[in-house]
Amino acid sequence: MRRIVFADAKARSRLERVVHAGVARLRAQRLDELVGQGVAVVVEEIPLLFETGMEGDFGVVVVVDADRDLRRELAVARGWTETDFDAVDAAQMDPNHKRSKADHVIMNEGSVEDLASAARHVWEAVGGAEIADRPMARHSQAGSPQPVEPPPPPRRQALEQIRDRLLAARRVVLTTHVNPDGDGYGSMAALARWLQGRGIGAAIVTPTPAPDYLSFLTEGIPEAHARAPEAEALLSEADTMVVLDTAERGRLGGLAPHAERLGGVVIDHHPPTGPDLMEIALRDSTACATGELIYDLIALDGGEITLKQAQALYIAIATDTGSFRFTNTTPRAHRIVAELLAAGVDLSEFYRVLYGTFSMGRMALTKLALGSLQSEGGIAWVALDHRALQRTGATWEDLEGLVDFPRRLQGIEVGVLFRALSHNRTKVSFRSNGPADVQEVAAGLGGGGHEKASGVLMEVGLSEAMRVVLARLRPVVNALSSSGESRAG
Ligand SMILES: [Mn+2]
């Protein structure tokens, strides 16, 4: 390669035009990342710095040089021929000229220790330590961020137990509930990276496929859904399972028997119902998202959050708090997110990934749902028959957020999404805008969830589900208006 490139000056300059543009783009990206992380000093090694006229971009320019004969001798020792060396050397600017343009020159003609000591001198001469200690501009503008307060003691104790159990594992398989959401998926991705960073094998197996838009979070982590052929190997190689964002056997689909066989830990933030699925379970409904609990686990021993972990945790917390709109959005959730931003999460990019892009199928599904909108005395609903996805070309992920349309209607206490899965199965999602407790309504029908967001799967057709649900909801919502408790406006 070197021989071809340095034999033809014209071809080389064409190649450099292509390569240098690509390198410049990557450099700019990496610099943005580092600055976002609060890094104050970046050291770059650029062989053609002066030749490409980039020296003006740098605060300090250091030339590392050695006598030409010594350089040639060392190149030959590394397997170069003398001709190769001469060709490369001739393509570079005269070393004397380079040295005259530098702020500092290090002659690298002795031992590695000599080189290190020369580098230290330069570092001191340019005041490197003081620059590195200086608070970053972005921090000083915003004032120093409030630290995240430590988790409540019971949570901390459970996390310590979980940490010890996980650090004793060799290969962990992480999973979450069927139809993985941003919280379940982001929590898996962040925890998998934390495990990998500790030399513990980590793989992800989901009961059903995860949405495509999240897949960028798990680059480099082995992953499969339960029915894919690769799942078998990932499950049989594991010695521990981590179940995230659910503690219910019924929500693990075909993975429930594997959870029982492998054992491990559960980390969840839903109100605890039913027995613990694993021998160690953290079920803490004071957390805004499972992602908050994973943040606490990573930060337990003063651990640093990496950019990739921060991205995954941001998705987890942003999706489960409805982008910081729902009542589970606590001051602590905001302080955690402040740390994630300081780690370099790019908000505008994430907004587009999460909310700013609709497929044609999603648009068509939204239109269909809005076409079915009805309301009555503080309740509004939309309904989709069991062919809605197929007819619009939408996927189940596109259903996310549809239930927010009926609840947006003025004067509404409870918004409902009815979705038929077949002629005799209907899924119902509830959202409460105020004091109406929709968990109670869902629980009365055999479902569950939170006070303001709940759901139930009913073994009846769409129209029967609507009749039964509305009959249950009417007295709940009517009681609010008669007691003057209604908060919707
Ligand atoms: Mn969650």
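None of the figures in this text is laboratory data; all of them are computed from the coordinates on show. A quick note: this is a predicted structure, and the numbers were derived from the prediction, not measured. Glycine gets a Cβ as well: all are built from the backbone with ideal geometry, and neighbour counts include every protein chain shown.
Calculated FRET efficiency, residue 479 to residue 160, Cβ-Cβ distance, R0 = 35 Å: about 0.20 to the nearest 0.05. Restricting to Cα pairs below 8 Å that are 6+ residues apart, what does the relative contact order work out to for the chain? Please round to a whole percent. Taking the mean separation of contacting Cα pairs over the length of the chain, I get 9 percent.
The slack between residue 96 and residue 27, meaning 0.36 nm per residue of separation minus the straight C-alpha distance, is 22.1 nm. Using the Cβ-Cβ distance between residue 70 and residue 198 with R0 set to 56 Å, the FRET efficiency from 1/(1 + (r/R0)^6) comes to roughly 0.80. Distant-in-sequence amide contacts of residue 421, defined by a placed amide H-H separation under 5 Å and a gap of 5 or more residues or a different chain, comprise 426, 427. With N as its number of residues, segment 1-153 has a Cα radius of gyration that, divided by 2.2 N^0.38 Å, comes to 1.37.
Each of residue 375 and residue 276 was given a label point 7 Å from its Cα along the Cα-to-Cβ line. The distance between the two points is 4.6 nm.
Rounded to the nearest 5, what % of DSSP beta bridges with both residues in segment 344-450 are antiparallel?
On the way: 11 of 17 bridges.
Bridges in segment 344-450 are about 65 percent antiparallel.
Annotation for segment 1-68 versus segment 178-201: alpha-carbon center distance of 36 Å. For the set 308/427; 98/308; 367/452, the pairs lying more than 30 angstrom apart at their alpha carbons are 308/427; 98/308.
Between segment 422-482 and segment 289-341, the C-alpha centres lie 30 angstrom from each other.
Determine the shape class of segment 143-217: with a ≥ b ≥ c the square roots of the Cα gyration tensor eigenvalues, call it rounded for a/c under 1.5, and otherwise prolate if a/b is greater than b/c, oblate otherwise. Judged from the Cα gyration tensor, segment 143-217 comes out oblate (a/c at least 1.5, b/c at or above a/b).
Counting every other Cβ atom within 10 Å of each residue's Cβ, 80, 194, 396, 381 order from fewest to most as 396, 80, 194, 381. Phi angles across segment 45-50 convert, under the Karplus curve 6.51 cos²θ - 1.76 cosθ + 1.60 with θ = phi - 60°, into 3J(HN,Hα) values of 10, 10, x, 9, 3, 6 Hz, Gly and Pro given as x. Among 421, 354, the ranking by other beta carbons within 10 Å of each residue's beta carbon, starting with the fewest, stands as 421, 354.
Just check segment 153-354 against the gyration tensor rule for me: Cα atoms, a ≥ b ≥ c as the square roots of the eigenvalues, rounded for a/c under 1.5, and otherwise prolate or oblate depending on whether a/b exceeds b/c.
On the way: a/c = 1.41, a/b = 1.27, b/c = 1.11.
Cα axes put segment 153-354 in the rounded bin.
Restricted to Cα atoms, the chain shows a radius of gyration and a Dmax of 29.3, 95 angstrom. By DSSP, the beta bridges lying fully in the chain are antiparallel in about 40 percent of cases.
Between residue 338 and residue 386, take the C-beta separation as r, use R0 = 51 Å, and let me know the FRET efficiency to the nearest 0.05. It would help to have the intermediate numbers written out before the result.
Working: r = 44 Å, r/R0 = 0.86.
It comes to 0.70.
Charging the Cβ of each Asp and Glu at -1 and of each Lys and Arg at +1, and nothing else, the dipole of the chain about its Cα centre rounds to 1760 debye. Quick one: helix 331-342 against the long Cα principal axis of the chain, what's the angle to the nearest 10°, folded into 0 to 90? Orientation of helix 331-342: about 30 degrees from the principal axis.
Legend: ranking of residues 94, 183 from fewest to most surrounding C-beta atoms inside 10 Å; resulting order 94, 183. The angle separating the long axis of helix 68-77 from the principal Cα axis of greatest extent in the chain is about 60 degrees. For the chain, the longest principal axis of the Cα atoms and the long axis of helix 462-483 meet at an angle of about 90 degrees.
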